[in-house]
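A short write-up of the structure that comes next.
The values are calculated or read from the model by the stated rules, or taken from the named source; none is laboratory data. From a predicted model like this one, the values you see are computed outputs, not experimental measurements. Cβ placement follows ideal geometry from the backbone for every residue including glycine, while neighbour counts extend to all protein chains displayed. These accessible areas exclude ligands, DNA and RNA; they are computed on the full protein's heavy atoms, side chains included. Shrake-Rupley method; radii C 1.70, N 1.55, O 1.52, S 1.80 Å.
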Amino acid sequence: GGLVFLAALSPTFSVVKWSYFICYDRYLYFPALGIALCFAGVLDQWMRSRRVGRAALAGIVTAVLAIAALEASGTRGTLAHWRDSVALWTHVVAQAPRVLDAHTGLGIALASRGDSDAAAAQYRAALALDPNNIFALLNLGALHTSRGEHDEAEKTLRHVTTIAPRNPDAAYA
């Protein structure tokens, strides 16, 4: 059980990486499997070592059901953040307001929903943290282009070409 727990957590140790994200709040149940295995093993040994009466067994079943109910309640709360992209990125920005990608992700989600003013505000929030953030600049430039604000788009995308002259995305935004 302990090995399962450690193996399931290994991607967060920065030894095994498959993403540039530091952590996720989803898939948290998987490492809990190792803890559940340890708990079940201890409980099994305890029950084998002494004669367990009906009252003790009823108490164990009640405790397990209470834990399951608490887990279900926590899961429902977490899933509320995953109902759509805007809700997810709004939660991420609330949890990590100084993370550039959070603002850019929320901006992209808002833009895809058609809320270009709110999207522009999120791109500007990312640029307030780092004025040379290429992703926020590219998305803001594309947003200006889609809104017909060609002077602003040109200014923003020219800034991208000064930061990253070999980035072809500025030419296509």
Filtered residues of region 107-116 (kept if open to solvent by 50 Å² or more (accessible area, probe 1.4 Å) and farther than 13 Å from Gly141 by Cα): Ser112, Arg113, Gly114, Asp115
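Results for (1) touching a residue at least 24 places away in the same chain (Cβ under 8 Å); (2) touching an Asp or Glu at 6+ places or on another chain (Cβ under 7 Å); (3) open to solvent by less than 40 Å² (accessible area, probe 1.4 Å); (4) of a type in the set (Lys, Arg), shown as yes or no for each residue.
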position	(1), (2), (3), (4)
Leu70	no, no, no, no
Thr78	yes, yes, no, no
Asp101	yes, no, no, no
Gly105	no, no, yes, no
Leu137	yes, no, yes, no
Leu143	yes, no, yes, no
Ser146	yes, no, no, no
Val160	yes, no, yes, no
Pro168	no, no, no, no
Any residue at all in region 71-94 that's at pLDDT below 95, aliphatic (A, V, I, L, M), over 19 Å from the mean Cα position of the chain (by Cα) and under 30 Å from Leu43 (Cα atoms)? yes
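In region 125-135, which residues are touching a residue at least 12 places away in the same chain (Cβ under 8 Å) and part of a helix (DSSP H, G or I)? Quick ask: steps written out before the conclusion?
The initial filter retains those residues of region 125-135 that are touching a residue at least 12 places away in the same chain (Cβ under 8 Å), namely 125-127, 129-130, 132-135.
Listed by number, the residues that qualify are Ala125, Ala126, Leu127, Leu129, Ile134, Phe135.
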Residue in region 16-42 that is surrounded by the fewest Cβ atoms within 10 Å (Cβ to Cβ), counting only those that are at pLDDT below 60 and either touching a Pro at 6+ places or on another chain (Cβ under 6 Å) or of a type in the set (A, V, I, L, M, F, W, C) (or both): Trp18
